[in-house]
């Protein structure tokens, strides 16, 4: 069973992108790229996406699956950079330049369990289990410090501030945090600053 894929084209984009049912037919002028480039044994499952830039040749990409779970994000999103596409497959997020697919990055949040598109400061936010990474027009612009022992929840975004809760295992409850979307700095939250002695 394929996971539900979210499409978000909030930002302007210079391309069309669609999911393919399987490997694309061999085409002499249309290249197939792999993300990551060196596929490991566990990377045999994934999603094929065809990208058609407004200027430049069409190409297809195979994006390796992170986890086969409904608890992680699968999505295709426009990026703050109109020439970049974000593809998230089973919680593994890839940002690719559509004009030159050899220029790409993989977001360190593995898996991505929450994805937020913020039009105000033009960011895509990738929430993991303990921190959040922001991608802007130039790529990754910041990553928070650890906000939780294990598990965080984004509740709202307003006035360029992100509000949420992180799990504190010591008190066995959620603790509120706030992240400045321009810098990635936070106040509040829960993190294991020091582990208790055995």
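Computed from the alpha carbon positions, the gyration tensor of the chain leads to an equivalent ellipsoid with semi-axes of 33, 19, 13 Å, biggest first. For region 22-159, relative contact order (Cα pairs under 8 Å, six or more residues apart, normalised by length) works out to 15 percent. When both region 117-135 and region 49-92 are represented by their alpha-carbon centers, they are found 16 Å apart. Translational diffusion coefficient of region 6-107 (Stokes-Einstein, Kirkwood radius from Cα pairs, 25 °C, 0.890 mPa s): 180 µm²/s. Summary of packing: across the peptides 134-143, 84-93, the per-residue average of other C-beta atoms within 10 Å ranks them, highest first, as 84-93, 134-143. Note on residue 5 and residue 32: their simple-model spin labels are 1.6 nm apart, each label 7 Å out from Cα toward Cβ.
Counting only Cα atoms, the size of region 124-198 along its three principal axes is 46, 22, 16 Å, in decreasing order. Ordered by the count of other Cβ atoms within 10 Å of each Cβ, fewest first, 165, 9 give 9, 165. Put a dot 7 Å past the Cα of residue 140, heading toward its Cβ, do the same for residue 14, and the two dots end up 2.5 nm apart. Each label was represented as a point 7 Å from its Cα along the Cα-to-Cβ direction; for residue 182 and residue 21 these points are 5.1 nm apart.
Bear in mind that the values in this text are calculations on the coordinates, not laboratory data. Worth saying up front: this structure is predicted, and the values here are computed from it rather than measured. Note that we place each Cβ from the backbone using ideal geometry, even for glycine, and neighbour counts take in every protein chain shown.
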